[in-house]
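Below is one structure; the comments refer to it alone.
The values are calculated or read from the model by the stated rules, or taken from the named source; none is laboratory data. The model shown is predicted, which means the values in this text are computed figures rather than measured ones. Virtual Cβ from ideal backbone geometry, glycine too; neighbours counted across all protein chains shown.
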Amino acid sequence: MVVFSIGKEYQGGIIFHVDESGAHGLIASTHDLSGEADWNEAVEEAAAYQGGGFADWRLPDEAELNLLYLAKDQVGKMVRFSYWSATEYATHFAWFQHFGSGERENDFKDNTCYIRAIRSF
């Protein structure tokens, strides 16, 4: 049986979460995508990412983004600024998380945050 662990490279990214079964989890892209972008651009860029030859990358939801924050030291190359989540708060707002403080807030979608794509395995 393959043992998955946080911080290991796998399927075009770096594992940042493994579920209780030990067989499934979440992978983050190895780098931020294109610096800062508004929320709509972030959703599109994450979906268009093809890291490791995989086409199922996406923006993390709010809970997944927090898991990524908790594993940021093992994932590496994360800036100490805000990252978008795919979770909308209202029509013109979405959730983000600051990777310096861990604080989670919502903001206008036309403001900019960093982008880190994720995928499931």
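Which of the residues spanning region 66-121 are over 29 Å from Y10 (Cβ atoms) and of a type in the set (A, V, I, L, M)? Selection gives A90 alone.
So for region 65-76 (the condition being polar (S, T, N, Q), outside any helix (DSSP H, G or I) and surrounded by fewer than 20 Cβ atoms within 10 Å (Cβ to Cβ)), does at least one residue qualify?
Looking for residues that are polar (S, T, N, Q), outside any helix (DSSP H, G or I) and surrounded by fewer than 20 Cβ atoms within 10 Å (Cβ to Cβ), one finds none in region 65-76, hence no.
Once region 77-101 is narrowed to residues that are assigned to a strand (DSSP E or B) and polar (S, T, N, Q), the residue that is surrounded by the most Cβ atoms within 10 Å (Cβ to Cβ) is S85. If you go through region 45-64 and pick out every residue that is in a loop (DSSP other than H, G, I, E, B) and more than 14 Å from I15 (Cα to Cα), you end up with 7. From the residues in region 29-40 that are in contact with a Ser or Thr (Cβ under 8 Å, 6 or more places away or on another chain) and among the acidic types (D, E), which one is farthest from K8 (Cα to Cα)? Filtering first and then ranking leaves D38. Close contacts from region 102-121, counting a first residue that is assigned to a loop (DSSP other than H, G, I, E, B) and a second that is of a type in the set (S, T, Y) and at pLDDT below 95, with Cβ to Cβ under 7 Å and a gap of 6+ residues or different chains, come to I115/S34.
Among the conditions (1) closer than 26 Å to N106 by Cβ; (2) touching a residue at least 12 places away in the same chain (Cβ under 8 Å); (3) not basic (K, R), the only one that A48 does not satisfy is (2).
For residues that are more than 14 Å from the chain's Cα centre (by Cα) and within 16 Å of E45 (Cβ to Cβ), scanning just region 102-121, find the one that is surrounded by the most Cβ atoms within 10 Å (Cβ to Cβ). Per the criteria, the residue is K109.
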